[in-house]
Amino acid sequence: MTQAKQSKLGKLTKKLAGMVAVACWVAAPLAQAEGIVTISDPWVQATVSGQQATGAFMKITAHQPVRLVAGFSPVAPVVEIHEMKMVGDRMQMRALADGLPIAAGETAELKPGGYHVMLINLPKPIEVGQKVPLTLVFTDGSGQRHEVAVEAPARPLGQMGGAAKMPEGQHRPHHHGHAH
Amino acid sequence: MGKEMSRRRLLIGCGWVMFAALGGCSPQAPRFHAQDVTGADYGRGFSLPDTEGRIRTLADFRGEVLGLFFGFIQCPDVCPTALSRAVAVKEQLGAQGARFRIAFVTVDPERDTPSVVRSYLNAFDPSFVGLIPPDQETLAQVAKEYRVFYRKVPTGSSYTMDHTATTFVYDPQGRLRLAVPHALGANEFAADVALLLQGA
């Protein structure tokens, strides 16, 4: 789009192009906090009474190299960035100590079978349809922190899609006896 | 007489050739998508209290295809995915779906109380059975019987459980038949269950 605009602008100076970029930046919707990322399709898995944790999922497109390092939400005192992976037939879940890096122009999909934002020590259940406020904290290349707020509607349990899709590069079902 | 003998030999020989061509000692071995573990020397059964405190064993599920899954409620990913898949399998089986059931064994009995497990399973299918090992020793025994791995892993302020994500499937006669990997889709799983319900 920038290229098309530049060709259309013809011989206008780089300065003017820069001003257009700044205008776009200012006019960017709220979800694109400071233009570093775009977050789409956020959702949280609803919980039942007594369930202390759940996952939030979304797509994050980075407009510059960023790292998702933390999050906070009024519904959970503890928020962590987790990765789930299958090692052979075993499921492992880990907090990402250094956050989730996303390269410029790339979209990280936080979805079942991969990454999620874990909401921990929930004081009360998250009801289906409830809009869960969630603030995600990113760092940019210079280490500066950026906060991006989203509202993630809660989807019912049992609607995670019938097929348990494995992300690329993970183990196929018939590999057993993986060394540990 | 000699002619008769050789004819008989020929027939027996033909029989053997046919037998071999059909696949040796199990000429009608059904083709499953999941791993066929028929005759396995593990997963011979369990005796665990359900969410209402009743002791449940394989005998309670005769006439049904039972899928036994080990998991924990604070699990945001594998467990709800596996349970959602089971719901999809049941739907795909149509009327036969009433003869397919999941028993969910918690590997986190510390946090997964009977009431939490019951309300969690109800969110998927009220017919699913929750099994709660009353203590760590019982959990260790049942996990050993199923060769299931589980481990408590601290994560910052809390802990998570690593665990085997395989669903162990019994036929209507209560025999362990299939080990269903986490990655197997609902369509394939449903096809396998349908075969077992047809007596495969």
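Taking the stated definitions as given, is B:Thr106 in contact with a Phe, Trp or Tyr (Cβ under 6 Å, 6 or more places away or on another chain), modelled with pLDDT of 95 or more and of a type in the set (S, T, N, Q)? Show your work before the answer.
Details: in contact with a Phe, Trp or Tyr (Cβ under 6 Å, 6 or more places away or on another chain): yes; modelled with pLDDT of 95 or more: yes; of a type in the set (S, T, N, Q): yes.
Considered against the rule, which asks whether it is in contact with a Phe, Trp or Tyr (Cβ under 6 Å, 6 or more places away or on another chain), modelled with pLDDT of 95 or more and of a type in the set (S, T, N, Q), B:Thr106 comes out as yes.
Is it the case, given these coordinates, that B:Glu91 is acidic (Asp, Glu) and touching a Gly at 6+ places or on another chain (Cβ under 9 Å)?
yes
Which one of these does B:Asp77 not meet: (1) of a type in the set (Asp, Glu); (2) more than 13 Å from B:Gly174 (Cα to Cα); (3) modelled with pLDDT of 95 or more?
Only one criterion in (1) of a type in the set (Asp, Glu); (2) more than 13 Å from B:Gly174 (Cα to Cα); (3) modelled with pLDDT of 95 or more is unmet by B:Asp77, namely (3).
Looking at (1) outside any loop (DSSP other than H, G, I, E, B); (2) more than 12 Å from chain A (Cβ to nearest Cβ), find the lone condition where B:Thr160 falls short.
Of the numbered conditions (1) outside any loop (DSSP other than H, G, I, E, B); (2) more than 12 Å from chain A (Cβ to nearest Cβ), the odd one out for B:Thr160 is (2).
This table checks each residue for (1) without any contact (Cβ under 8 Å) to a residue 60 or more places away in the chain; (2) closer than 21 Å to A:Met93 by Cβ; (3) away from chain A (no Cβ under 12 Å).
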site: B:Gly94; (1), (2), (3): yes, no, yes
site: B:Val105; (1), (2), (3): yes, yes, yes
site: B:Asp112; (1), (2), (3): yes, yes, no
site: B:Phe124; (1), (2), (3): yes, yes, no
site: B:Val148; (1), (2), (3): no, yes, no
site: B:Val153; (1), (2), (3): yes, yes, no
site: B:Gly156; (1), (2), (3): yes, yes, no
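Which members of the stretch B:76-92 meet the condition of being over 15 Å from B:Phe128 (Cβ atoms) and more than 7 Å from every other protein chain (Cβ to nearest Cβ)?
B:Gln92 - this is the single residue of the stretch B:76-92 that is over 15 Å from B:Phe128 (Cβ atoms) and more than 7 Å from every other protein chain (Cβ to nearest Cβ).
Taking A:Gln51 and the conditions (1) buried (at least 19 other Cβ atoms within 10 Å of the Cβ); (2) within 11 Å of chain B (Cβ to nearest Cβ); (3) part of a strand (DSSP E or B), which numbered condition does it fall short on, given that it satisfies the others?
(3)
Restricting attention to the stretch B:148-173, report how many residues are closer than 24 Å to B:Thr57 by Cβ and in contact with a strand residue (DSSP E or B) (Cβ under 8 Å, 6 or more places away or on another chain).
13
Quick one: is B:Arg118 within 11 Å of chain A (Cβ to nearest Cβ) and assigned to a loop (DSSP other than H, G, I, E, B)?
no
For the stretch B:82-115, how many residues meet the condition of being part of a helix (DSSP H, G or I), of a type in the set (Ser, Thr, Tyr) and more than 16 Å from the chain's Cα centre (by Cα)?
1
Every residue, every condition in (1) modelled with pLDDT of 95 or more; (2) surrounded by fewer than 23 Cβ atoms within 10 Å (Cβ to Cβ); (3) over 16 Å from the mean Cα position of the chain (by Cα); (4) within 17 Å of B:Gly71 (Cβ to Cβ), yes or no:
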position	(1), (2), (3), (4)
B:Val117	yes, no, yes, yes
B:Ala143	yes, yes, no, yes
B:Tyr146	yes, yes, no, yes
B:Tyr150	yes, yes, yes, yes
B:Thr160	no, no, yes, yes
B:Val169	yes, no, no, yes
B:Gln173	yes, yes, no, no
B:Arg177	yes, no, no, no
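The values are calculated or read from the model by the stated rules, or taken from the named source; none is laboratory data. In this text, all values refer to a predicted model and were calculated from it rather than measured experimentally. Cβ atoms come from the backbone with ideal geometry, glycine included; neighbour counts cover every protein chain shown.
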